[in-house]
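First comes the structure, then the notes that go with it.
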Amino acid sequence: MRRDDICLYLGPANRAELQALITNRNTARKLVWRAEIVLATADGCGTVEIMRRAKTSKPTVWRWQARYLDEGVDGLRRDKTRPSRVPPLPRETRLKVIAKTAQETPPNATHWSRSSMAEAVGISPSSVGRIWAQAGLKPHITKGFKVSNDPMFEEKVTDIVGLYLDPPDRAVVLCVDEKSQIQALDRTQPGLPLKKGRAATMTHDYKRNGTTTLFAALDVKSGMVIGECLPRHRAKEFLRFLRRIDRAVLKPRDVHLVLDNYATHKTPEVKAWLEKHPRFKLHFTPTSASWLNLVERFFAEITSRRIRRGSYCSVDDLEDAIHDYLLQHNTKPKPFVWSKTAEDIIARERRALDALDEIRGNR
């Protein structure tokens, strides 16, 4: 089989694109030598020389020269599709795997694994994995949920989401809550630092050095947080925090507080204080719907970024770390943007309730 050497012209843009593929360390090796074949051809090298450089056969050199002439750089990126040597599974087998996954459980476990399903159906574990991937099934994963049974769910959601999406003029909307029982944990041994090829380490055991409670009020508009650490989270401490908010927010601006239904937020002492401070207006989230309070998102961030992996020899040490985080957060605050409308949330809640009713009816 013979073929005369071909002439190939590369424009500046195409040459630069091929050179970039070669120099990029993330480019697959097969794509690199395809680009090298094209560049060597454009530089006037003969077939034998290109074979030597690319360490490949003559038909392979000819194939990628022709592919480039026909399709350009995109043709070099594409591999030729070949039919699988393994015949596809019958449709009945795939449907059986999907049905058993969704409707049954194995006799000795709460959910199917690839090996247990493969044994039950009589196919390979890899085939089970492919069927699950195509059907979007992940039996090893469960997600928690809680549907609110609050009879005023729709009214409360509409009220709070309205504050988020269309806050009132000349007023401040603050999401308030307590992160209680934050433990000052001191590891029993020092961990090893992060280095190449090894994650940072920390011991699984620890020494408890006391707890604190973080009271926080997140400004929905600016993202700034008013925070204070107190030893307990009773009505007494909540009143103290309300007074701090009163001092921090300039008068006569109204203050709308988004709160959960914790008992300390509704004591007679708190109600008496609120009557003397009419600019404070409370909006309670529905029961079992603390996710509606945006300050929970801030609590998640301070936990993952500052508290969870820390080591604290005392409560004072823990509180210093929390106050330092608050100080740095407020120097460059960034608000959490609420995007879901009340109608979307209510419709999703109704679907969840209908699904639960259907499950109860089938039992």
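Read the figures in this text as sums done on the coordinates, not as results from a lab. Just so it is clear, the model here is predicted, and its values are computed rather than measured. Virtual Cβ from ideal backbone geometry, glycine too; neighbours counted across all protein chains shown.
Go ahead and estimate [θ] at 222 nm for the chain from helices alone: -39,500 (n - 2.57) per DSSP H run with n ≥ 4, summed, over the residue count, rounded to 500.
Rounded to the nearest 500, the figure is -14500 deg cm²/dmol.
Of the listed peptides 66-78, 103-115, what is their order by residue-averaged count of other C-beta atoms within 10 Å, with the highest listed first?
66-78, 103-115
When 1/r is averaged over all different Cα pairs and the result inverted, which Kirkwood radius in Å belongs to the stretch 113-154?
12.7 Å
Mind checking Rg over Rh on the stretch 91-135, alpha carbons, Kirkwood formula for Rh?
0.91
Would you mind checking the pairs K146/K276; K207/K334; K221/K251; K207/K236; K143/K179 and listing those with alpha carbons more than 25 angstrom apart?
Going by Cα-Cα distance, K146/K276; K207/K334; K207/K236 fall outside the 25 Å limit.
Expressed as a rounded percentage, what relative contact order does the stretch 91-135 have, with Cα pairs under 8 Å and six or more residues apart?
Taking the mean separation of contacting Cα pairs over the length of the stretch 91-135, I get 38 percent.
Using 0.36 nm per residue, how much length does the chain from Y262 to R308 gain when fully extended, once their Cα-Cα distance is taken away?
Taking Y262 through R308 to full extension adds about 14.1 nm, to one decimal.
Could you give the nm distance between label points at A248 and A28, where each point is 7 Å from its Cα heading toward the beta carbon?
So the label points at A248 and A28 sit 5.4 nm apart.
Can you work out D for the chain in µm² s⁻¹ from Stokes-Einstein, where Rh is the Kirkwood radius over C-alpha pairs, the temperature is 20 °C and the viscosity is 1.002 mPa s?
Approximately 78 µm²/s, per Stokes-Einstein.
Can you order the peptides 148-160, 321-333 by their average number of other Cβ atoms within 10 Å per residue, highest first?
Result, highest mean first: 148-160, 321-333.
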